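*Asks:* Would you mind keeping the following structure in view while I ask a few things?
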Amino acid sequence: MRPQVQIALARGDGIGPEIVDATLELFRIAGVLEQIHFVPVEMGRGVFERGNSRGMTDEAIRTVESCGLLFKGPMETPKGGGGKSINVTARKMWGAFANLRHVRNFPGVPTVYTKAGLPVNFYVVRENVEDTYGGVEQRLTPDVVECKRLISAPGSDQVHRFAFETARRIGLRSVTCGHKANIMKMTDGLFLDRFRSVAREYPDLAAGDMIIDALCMNLVIRPQQFEMIVLTNLQGDIVSDLAAGLVGGLGFAPSANVGRLISIFEAVHGTAPDIMGKGIANPTAVLLSGLMLLRHVGLAHQAAQIENALVSALEQGVRTGDFGDRAHPALPTIEFVRQVADRLGESPKTVPPCPVPEQARASFTPPAKPGDNPRISTFASMKTEIAGLDVYVETDMTPAELAARLGPRAEGSPFRLSMLSSRGTQVWPTGSVFTEVVDYYRARFELRPGATAADQAPALALLSRLGESFTIASYGLLRNFDGQRGYSLAQGQ
Ligand code: NAI
């Protein structure tokens, strides 16, 4: 009889099939395949080459959505031609909003920290869906392109709650939020505000925050001070690879992309085209991702047994060519896995073994297909009012010339020109002539003293009037939310 827990399996490109097959062989030997069933799906290079720009077949999408779980090997991102990363698409499309990575050193994988007798062991949670990874980019003028950085309150709440829940479940004592809220006061500011708000739900855990640059320095100088770090998408991308470097590189970096309904388990590294087909790739990262998957479906007993066998093998010098003590031979992928399998039932001697919990049956409830896109929300309703209009103008005029031309155009409207900025720095009415400008200005129109705008019509009327004489690259309405300014000031404003 087929096991009840079904997991979609995409073996990936490059070294993917070699390391995924090796992992499944170990799972078979460890008896895991009696409890879970892998359903192969077509994703990756072969699908792109057949002209499917998503890189996954409809059947693959249906299977992943009905299983709710995907175990995948690395997949190649087509270069040029507008082809998007299938890895990023999958995480975003299925709402796998939290990328969890366990960063720890292993015996047999020497690093500067292990040589100094300093164990490294912490977790990183990276928000996976928002931020600049929204890919909302456009060329505004010949000289300027823009990428929109979107951070939402419910998206932040989800990822913070996941970080605190995970910390509590695995017995950690602290969670640190990394951010740049001193500069990006609205986007990183919201992420940090939501962190502080969610932290109040977890009084048993210490919550702290650190500016991202200081966090990076602290990670390198004293990684032992961190237990769980939660970050926005791009900062999290960079920090989590930095963290992998602290413990021996990408060969030891597993990840789980966890969503409310669908989760994806994969190694952090890519397809390693330089060594594909040689049978020498290190399967550890994909194996460790597989152990995260086993724990996710309740097979913590088997995961702990395999982990103890892996760590025993590593401490005895079992290695592939990319790491370890050269006094021991570098093994091919499949032989590496056999050596791990031979140690099933053993416990490591040089580090504390992973506690092996009681056996339990695999369990996972596949998601019911939502009738429509689920809406997530934090602030149910807020009173908003129009405060002004930012108009982005393409021009080669100087700030003074532009102000002289723009200002009179607002006469008769409730708004007046209050500021010009170039690349975020105010250049009119005050500023420095040392500030370099480009072909793109922001012209800010704000309500005149005592004026109000009942709705957005006067702002749009002004925009339309400006459009008669200026090239408008883009615009944004300025709004207040519950009386609070909902837009940032320019540097120098
Ligand atoms: P990469 O991670 O594939 O390779 C970087 C270096 O690390 C290479 O020298 C490679 O041989 C080595 N390496 C990586 N994994 C290894 C392993 N398991 N054992 C031994 N050595 C290993 O990064 P690269 O070259 O930048 O990307 C190659 C392709 O992979 C690209 O198309 C990229 O888009 C894709 N990629 C896919 C990811 C995913 O599926 N999640 C993540 C990162 C990259």
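*Asks:* Being more than 9 Å from the ligand (Cβ to nearest atom) and assigned by TED's automatic domain parsing to the domain that holds THR187 is the requirement here; does SER255 meet it? Let's see the steps before the verdict.
*Replies:* Numbers: more than 9 Å from the ligand (Cβ to nearest atom): no; assigned by TED's automatic domain parsing to the domain that holds THR187: yes.
Against the criterion (more than 9 Å from the ligand (Cβ to nearest atom) and assigned by TED's automatic domain parsing to the domain that holds THR187), SER255 does not qualify.
*Asks:* Let me ask something else about it. Regarding segment 59-74, can at least one residue be identified that is of a type in the set (Phe, Trp, Tyr), over 30 Å from LEU172 (Cβ atoms) and either within 13 Å of the ligand (Cβ to nearest atom) or crowded, with 22+ Cβ neighbours inside 10 Å (or both)?
*Replies:* Scanning segment 59-74, I find no residue that is of a type in the set (Phe, Trp, Tyr), over 30 Å from LEU172 (Cβ atoms) and either within 13 Å of the ligand (Cβ to nearest atom) or crowded, with 22+ Cβ neighbours inside 10 Å (or both), so the answer is no.
*Asks:* Just checking, does segment 330-350 include any residue being crowded, with 19+ Cβ neighbours inside 10 Å, closer than 22 Å to GLY95 by Cα and within 16 Å of the ligand (Cβ to nearest atom)?
*Replies:* Within segment 330-350, none of the residues are crowded, with 19+ Cβ neighbours inside 10 Å, closer than 22 Å to GLY95 by Cα and within 16 Å of the ligand (Cβ to nearest atom).
*Asks:* Residue by residue through segment 227-269, note down the ones that are of a type outside the set (Val, Ile, Thr) and more than 19 Å from VAL124 (Cα to Cα). It would help to see each step written out before you state the result.
*Replies:* We begin by selecting, within segment 227-269, every residue of a type outside the set (Val, Ile, Thr); these are 227-228, 231, 233-237, 240-246, 248-257, 259-261, 263, 265-267, 269.
LEU261, the sole residue that qualifies.
*Asks:* Moving to a separate point now. For segment 266-287, name all the residues that are crowded, with 18+ Cβ neighbours inside 10 Å and either away from the ligand (no atom under 11 Å from the Cβ) or at positive phi (or both).
*Replies:* Within segment 266-287, ALA272 is the sole residue that qualifies.
*Asks:* Looking at segment 2-22, which of its residues are in a strand (DSSP E or B), more than 10 Å from the ligand (Cβ to nearest atom) and either within 23 Å of the chain's Cα centre (by Cα) or within 13 Å of GLY277 (Cβ to Cβ) (or both)? Outline the logic, then answer.
*Replies:* Taking segment 2-22 first, the residues in a strand (DSSP E or B) are 5-10.
Filter once more, keeping what is more than 10 Å from the ligand (Cβ to nearest atom): 5-9.
Correct list: ILE7, ALA8, LEU9.
*Asks:* Which ones in segment 249-265 are surrounded by 19 or more Cβ atoms within 10 Å (Cβ to Cβ) and over 16 Å from the mean Cα position of the chain (by Cα)?
*Replies:* Restricting attention to segment 249-265, the residues satisfying the condition of being surrounded by 19 or more Cβ atoms within 10 Å (Cβ to Cβ) are 251-259, 262-265.
Matches in segment 249-265: GLY251, PHE252.
*Asks:* Scan segment 294-302 and tell me whether some residue there is surrounded by 24 or more Cβ atoms within 10 Å (Cβ to Cβ), of a type in the set (Gly, Ala, Ser) and more than 7 Å from the ligand (Cβ to nearest atom).
*Replies:* Looking through segment 294-302, none of the residues is surrounded by 24 or more Cβ atoms within 10 Å (Cβ to Cβ), of a type in the set (Gly, Ala, Ser) and more than 7 Å from the ligand (Cβ to nearest atom).
*Asks:* Tell me whether segment 368-386 contains one or more residues that are surrounded by 18 or more Cβ atoms within 10 Å (Cβ to Cβ), over 30 Å from CYS67 (Cβ atoms) and touching a strand residue (DSSP E or B) at 6+ places or on another chain (Cβ under 8 Å).
*Replies:* Yes: one or more hits.
*Asks:* Now a separate question. Just the residues that are surrounded by 15 or more Cβ atoms within 10 Å (Cβ to Cβ) and either assigned by TED's automatic domain parsing to the domain that holds ASP439 or not in a helix (DSSP H, G or I) (or both), please, taken from segment 151-174.
*Replies:* Within segment 151-174, ILE151, SER152, LEU172, SER174 qualify.
*Asks:* Tally time: how many residues in segment 294-309 are out of contact with any Ser or Thr (no Cβ under 8 Å at 6 or more places or on another chain) and either at pLDDT below 95 or assigned to a helix (DSSP H, G or I) (or both)?
*Replies:* Let us first name the residues in segment 294-309 that are out of contact with any Ser or Thr (no Cβ under 8 Å at 6 or more places or on another chain), namely 294-295, 299-307, 309.
Now narrow it down to the ones that are either at pLDDT below 95 or assigned to a helix (DSSP H, G or I) (or both): 294-295, 300-307, 309.
Number of matching residues: 11.
*Asks:* Scan segment 35-52 for residues that are more than 23 Å from GLY290 (Cβ to Cβ) and exposed (fewer than 13 other Cβ atoms within 10 Å of the Cβ) and jot them down.
*Replies:* Selection gives GLU49, ARG50, GLY51.
*Asks:* Can you name every residue in segment 303-319 that is closer than 17 Å to GLU25 by Cα and within 15 Å of the ligand (Cβ to nearest atom)?
*Replies:* LEU310
*Asks:* While we're looking at this one, here's another question. For segment 48-89, name all the residues that are under 14 Å from ASP13 (Cα atoms) and of a type outside the set (D, E, K, R).
*Replies:* Step one: filter segment 48-89 for residues under 14 Å from ASP13 (Cα atoms), giving 48-49, 55-56, 71-78, 85-87.
If the condition is that a residue be under 14 Å from ASP13 (Cα atoms) and of a type outside the set (D, E, K, R), then PHE48, GLY55, MET56, PHE71, GLY73, PRO74, MET75, THR77, PRO78, SER85, ILE86, ASN87 are the ones that fit.
The values are calculated or read from the model by the stated rules, or taken from the named source; none is laboratory data. Not measured: the values here are computed from a predicted model. Cβ: placed from backbone, ideal geometry, glycine included. Neighbour counts: every protein chain shown.
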